[in-house]
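The values are calculated or read from the model by the stated rules, or taken from the named source; none is laboratory data. Keep in mind that what you see is a predicted model, and the values were worked out from it rather than measured. Backbone-built Cβ (ideal geometry, glycine too); neighbour counts: all protein chains shown. For accessibility, only protein heavy atoms count, side chains too; no ligands or nucleic acids. Shrake-Rupley method; radii C 1.70, N 1.55, O 1.52, S 1.80 Å.
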Amino acid sequence: MTYPHAGAARPYLFNDRTVEGYRRAMAAGTERVAERIRRADRPFSGVSPERLAPEIAAIDLERPLHDHAAALDELERVYLRDAVYFHHPRYLAHLNCPVVIPALLGEAVLSAVNSSLDTWDQSAGGTLIERRLIEWTAGRIGFGPAADGVFTSGGTQSNLHALLLAREEAHAIAGAASSRLRVITSEAGHFSVRKAANLLGLGPDAVVTVETDADRRMRPAALARELDRCRRAGLVVMAVVATAGTTDFGSIDPLPEIARLCESAGVWLHVDAAYGCGLLVSRRRRHLLDGIERADSVTVDFHKSFFQPVSSSAVLVRDGAVLRHAAHHADYLNPRRMAERGIPNQVDKSLQTTRRFDALKLWLTLRVMGPDAVGELFDEVVDRAADSYALVAADPRFEVVTRSPLSTLVFRYLPPEGPSKLADDANLYAREALAASGEAVVAGTTVDGRHYLKFTLLNPETTLDDVAHVLDLLAGHAQRYVDDLAPLADHSEVTHVHS
């Protein structure tokens, strides 16, 4: 679609007079993406920031193209060509999933209609759909009819929201000053817990980590000791954060034992199930979340293990009344009289005001596929991770940390001989070199101060052959470092590969 001059702005607006232009533009964009997905033979081009940044910086945003096709041609060069494609079976890095088609349909609908989920008079049925999905998710968790919640931008916001509620409950019940409040989590818990504590003004010492066992699960005995230590020191534990699916290891803390300790101590229990929430729809592994129904709040990330586009997350609470701590009323938006009349304004529960109708993606997924189908996809990737663990554990080139109940695998290449620093450098190099090749993308982490590689399997299309091939690539890059580059590195003559 081409417009004659820069002042012809009205035709760009989406309305009843421009629906044909909308159809053509959407079809053109969809075709570009479909063709790119069809032809992608690797998850990444290997482009470096240094190479791509000048191309984007050279684009003059003051000189529009006035043509959708020309803009898509340009987008191909500065984005689509070098995007990281999570749909590819050899993308094995982070908690990014391929997405299901019904959710993409929802994305197209919600973007065009552009509902805002803060108030009823901006969303109407969207509000009720989101509330129905919260009710459904709460039922899957095992919460009762008093439960409630709201969609969020992701697990970090959900954890912040939950800890805000826990803090306000601690103030109301114990009357404790913020300086005396503590949050306990495991040493494998998510960094967003500490970030939330900082944002809530609790101070740098507020988050206390307790040790994990060999499977990287919180030790209940360590939690009990810390609860007792805080009590004797006159500190108030405002929340314990258990994790159902740690980012590195996929470990699931022993929820029943932790819940028992929290109930005995009168402490708020938050379960960060951003990753492990896929188990809620698993017909074979739901029992791994036993005890989650005893939590006071739960984080779920549908855009991790429900195969939804970013963003699609929620925070849920067992007692919906506690959401009042996030409520603020503005006369122009959600005056108190609306709440008194029962007008369902979701902003009364949310940290956000303007908010996308992200719930529609999950709604269409459930209505087209059903929850069992989503659970089947998640079970497939967990099965693949178990097979991959067996493959790596039997391979003398690698050592593996622990077997995950979910779909991660933390391991590292071991040079045939040499100091541990050589193994660290070889694994760092192997990851960078693999990314630069674009043939696969894997993640990295540290375990007990050593550098490790990490697979996160979330694509049911990933086969054991894909995993074996990536292992061979990693071993090849690592061994090249040991054979050819490590001696040069001793003389500071090696330039690192940049992913």
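Taking the square roots of five times each eigenvalue of the Cα gyration tensor of segment 167-282, the equivalent ellipsoid has semi-axes of 23, 15, 13 Å, listed largest first. Note on the chain: Rg/Rh from C-alpha atoms, Kirkwood Rh, equals 1.00. For the chain, a simple Cβ point-charge model (Lys and Arg +1, Asp and Glu -1, everything else neutral) yields a dipole of about 1440 debye relative to the Cα centre. The order of Lys304, Lys454 by accessible area, most exposed first and with a 1.4 Å probe, is Lys304, Lys454. Direction-averaged projected area, Cα convex hull, segment 251-348: 8.3 nm², rounded to one decimal.
With a cut-off of 14 Å between beta carbons, the residues surrounding Leu428 carry a summed charge of +3, where Lys and Arg count +1 and Asp and Glu -1. Divided by 2.2 N^0.38 Å, where N counts the residues, the Cα radius of gyration of segment 1-109 comes to 1.27. For His287, His328, His190, the ranking by accessible surface with the largest value first comes to His328, His287, His190, using a 1.4 Å probe.
Average accessible surface for segment 302-444: 41 Å² per residue, computed with a 1.4 Å probe over protein heavy atoms with every protein chain in place.
Per the 1.4 Å probe, what fraction of the accessible area of segment 314-467, in percent, lies on carbon and sulfur atoms? Its accessible area is 48 percent carbon and sulfur atoms.
One Cα centroid belongs to segment 68-125, the other to segment 393-421; the line between them spans 35 Å. Computed over the alpha carbons of segment 246-301, Rg followed by Dmax gives 11.3, 33 Å. Projecting the Cα positions of Pro204, Gln479, Leu333 onto the charge dipole of the chain (unit charges on Cβ atoms of Lys, Arg, Asp and Glu, taken about the Cα centre) puts Leu333 furthest along the positive direction. Note: segment 57-184, Cα convex hull, 271 Å³ per residue. If each DSSP helix of 4+ residues adds -39,500 (n - 2.57) and the sum is divided by the residues in the chain, what number results at 222 nm, nearest 500 deg cm²/dmol? Value at 222 nm, helices only: -13000 deg cm²/dmol. In segment 187-309, the portion of solvent-accessible area held by carbon and sulfur atoms comes to 48 percent [1.4 Å probe, whole percent, DNA, RNA and ligands not counted]. In the context of the full protein assembly, Glu50 retains an accessible surface of approximately 120 Å², using a probe radius of 1.4 Å and ignoring ligands and nucleic acids. For segment 157-252, the solvent-accessible area works out to 40 Å² per residue, with a probe of 1.4 Å and every protein chain left in place. For the set Ser179, Ser388, the ranking by accessible area, highest first and with no ligand, DNA or RNA atoms included, is Ser179, Ser388 under a 1.4 Å probe. Can you bin every Cα-Cα distance in segment 346-499 into 10 Å intervals starting at zero and give me the percent of pairs per bin, rounded to whole numbers? All Cα pairs, binned at 10 Å, distribute as 10, 32, 25, 17, 11, 5, 0 percent.
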